[in-house]
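Take a look at the structure set out below.
Taken together, the values in this text are just the output of simple stated rules run on the coordinates, not laboratory data. Note that this is a predicted model, so its numbers are computed, not measured. Cβ coordinates were reconstructed from backbone atoms using ideal geometry, including for glycine residues, and neighbour counts include every protein chain displayed.
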Amino acid sequence: MSQQVKAVVALAKGAPVEVVTINVPDPGPGEAVVKVLSCGVCHTDLHYREGGINDDFPFLLGHEASGIVEAVGPDVTGVAPGDFVVLNWRAVCGECRACRRGEAQYCFNTHNATQRMTLAEGEGAGTELSPALGIGAFAEKTLVAAGQCTKVDPKARPAAVGLLGCGVMAGIGAAINTGAVGRGRSIAVIGCGGVGVAAIAGAALAGASPIIAVDIDAKKLAKAKEMGATHTVDSSRVDPVEEIKRICGETYEGAEGADVVVEAVGRPETWKQAFYARDLAGTVVLVGVPTPDMKVPEIPLIDVFGRGGALKSSWYGDCLPSRDFPMLVDLYQQGRLDLDAFVTEEIGIGDIEAAFEKMHHGDVLRSVVIL
Ligand SMILES: NC(=O)c1ccc[n+]([C@@H]2O[C@H](COP(=O)([O-])OP(=O)(O)OC[C@H]3O[C@@H](n4cnc5c(N)ncnc54)[C@H](O)[C@@H]3O)[C@@H](O)[C@H]2O)c1
Ligand SMILES: [Zn+2]
Ligand SMILES: [Zn+2]
């Protein structure tokens, strides 16, 4: 059996997304059907629509969601109907090499639903959908692996905590898990959208200082400051590498850059800025997602050697949803992590294209679809 619901799909590369009817199968072994309450619009959804992730169209978009478990498969014990959950794209397997060596945050075999949701109408009826990041939550209901449902406090606001499902977790984790910032450490964040500002909020939680926000948009920098940045750099006006070096040198005598530079744009030129804005033995954390055509910028190998440190990438902020989501929801409810500040606007399921458009204008950290 299956049920039919409304959902947002990207049918072809570059084409505007459409609200259509899809089939959601009843959950089989290891699966759950979730009634979606909220789903944030992440830049990665736009990457999917533009064919920047892969060519497995049609995509069922949306992946930063909260919801209520409606039904679970026969063998599922971890969640039950009625549970309030944040959906994650890291349902760890427990059996791969990474899991076995105790590094489940790198799990090489994360779980998604086995059955496929399909288009229910028109010429393409029956076509299998590729859910964005194995979630697909711009939909009234979605089918996921049960392990993708992380239970959190049901008193929390869905639109706010749902953002932990992708961008906010990716940003916070890039700073505190991958970059391991803390007291006595400096950080610069290049690109202050939802992900970058979350990295700033995470760095502030961890006690890092200075926290330098870099963007080409003054509105984004103002938001970054509200969320914990101690300094802002408009890189459309000044050289961000020189500014980061100057600011860090003022705080720590002899510092020649930041201990950690988070790149939250996903472009070669900003990655290069991050590379050179580090102090000796500092860390670059690439959390922005490049497109397949982009190359590592040309850098003398002697600079890679001579500056030491680490060049890292951060998938999903190296998070473990079962460990990190409830902890961050707790900090949110104590008033120590302002997740509400990321929710710039609540929109309807038909407003995704307009939300993509707004992403380019700098007024929005997150548009959140309310279902
Ligand atoms: N690694 C992960 O797990 C993960 C998870 C979610 C999103 N992402 C990626 O993170 C990136 C950011 O996502 P987002 O949702 O915050 O996007 P966004 O569009 O909201 O933010 C991007 C920001 O970068 C700024 N920017 C653009 N060009 C710049 C430049 N040359 N210099 C400085 N700033 C510049 C923009 O003004 C904007 O503020 C995207 O590439 C997205 O795909 C990665
Ligand atoms: Zn695993
Ligand atoms: Zn995302």
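Given Cβ point charges of +1 (Lys, Arg) and -1 (Asp, Glu) and nothing else, what value in debye, to the nearest 20, does the dipole of the chain about its Cα centre take? Walk me through the numbers before you get to the answer.
Values: 32 positive and 46 negative charges, 164 e Å.
For the chain, the charge dipole is close to 780 debye.
Could you give the length gained on full extension between Lys219 and Lys6, defined as 0.36 nm per residue of separation minus the Cα-Cα distance, in nm?
Values: separation 213, 0.36 × 213 = 76.68 nm, distance 3.43 nm.
Using 0.36 nm per residue and subtracting the Cα-Cα distance, I get 73.3 nm.
At 0.36 nm per residue, and after removing the present C-alpha to C-alpha distance, how many nm does the segment from Lys295 to Asp330 gain when stretched out fully? If you can, show how the numbers build up before the last one.
Numbers: separation 35, 0.36 × 35 = 12.60 nm, distance 4.00 nm.
Result for the pair: 8.6 nm of gain on full extension.
What distance in nm separates the two pseudo spin-label positions at Glu18 and Glu128, each 7 Å out from Cα along the beta-carbon direction?
Those two pseudo-labels are separated by 2.2 nm.
Given the Cα-Cα distance of Arg237 and Leu280 and 0.36 nm per residue of separation, how much length would full extension add, in nm?
Values: separation 43, 0.36 × 43 = 15.48 nm, distance 2.57 nm.
My answer for the length gained is 12.9 nm.
Tell me whether region 1-145 comes out rounded, prolate or oblate; compute the Cα gyration tensor, take square roots of the eigenvalues as a ≥ b ≥ c, and use a/c under 1.5 as the rounded threshold.
Judged from the Cα gyration tensor, region 1-145 comes out oblate (a/c at least 1.5, b/c at or above a/b).
Give me the angle, in degrees from 0 to 90, between the Cα long axis of helix 194-206 and the longest principal axis of the Cα atoms of the chain, rounded to the nearest 10.
60 degrees
Of Val20, Ser38, Gly78, which is farthest along the charge dipole of region 1-84 in the positive direction, counting Lys and Arg as +1 and Asp and Glu as -1 at C-beta?
Val20
For a quick size check, give me the Cα extents of the chain along its three principal axes, largest first, whole Å.
For the chain, the Cα extents along the three principal axes come out at 66, 40, 39 Å.
So for the chain: antiparallel DSSP bridges make up what percent, rounded to the nearest 5? Intermediate values should be presented prior to the final figure.
Values: 35 of 62 bridges.
Among the beta bridges of the chain, antiparallel pairing accounts for roughly 55 percent.
Can you compute the modelled spin-label distance between Asp75 and Cys96, with each label point 7 Å from Cα toward Cβ, in nm?
So the label points at Asp75 and Cys96 sit 1.9 nm apart.
What does the helix-only formula give at 222 nm for the chain: each DSSP H stretch with n ≥ 4 adding -39500 (n - 2.57), the total divided by the residues, and the result rounded to the nearest 500 deg cm²/dmol? Please list the in-between numbers first.
Details: 11 runs with 93 residues, N = 371.
So the calculated ellipticity at 222 nm is -7000 deg cm²/dmol.
Using only the Cα atoms of region 143-199, what do you get for the radius of gyration and for Dmax, in Å?
13.8, 44
If you put +1 on each Lys and Arg Cβ and -1 on each Asp and Glu Cβ, how big is the dipole of region 292-371 around its Cα centre, in Debye rounded to 20? Present the calculation step by step, with values, prior to reporting the outcome.
Numbers: 7 positive and 14 negative charges, 94 e Å.
About 440 debye.
Which residues in region 37-51 place their backbone N less than 17 Å from a point set 7 Å from the Cα of Thr344 along the Cα-to-Cβ direction?
39-47
With the crude spin-label approximation of a point 7 Å out along Cα→Cβ, what separation in nm comes out for Tyr106 versus Glu121?
So the label points at Tyr106 and Glu121 sit 4.7 nm apart.
Please report Val69, Val214, Val296 as a ranked list, fewest other C-beta atoms within 10 angstrom at the top and most at the bottom.
Details: Val69 22, Val214 33, Val296 11.
Fewest to most other Cβ atoms nearby, the residues stand as Val296, Val69, Val214.
Which peptide among 141-152, 19-30 comes first, and what is the full order, when sorted by highest mean count of other Cβ atoms within 10 Å? Working shown, then result.
Working: 141-152: 25.6, 19-30: 18.7.
Listed from highest to lowest mean packing, they are 141-152, 19-30.
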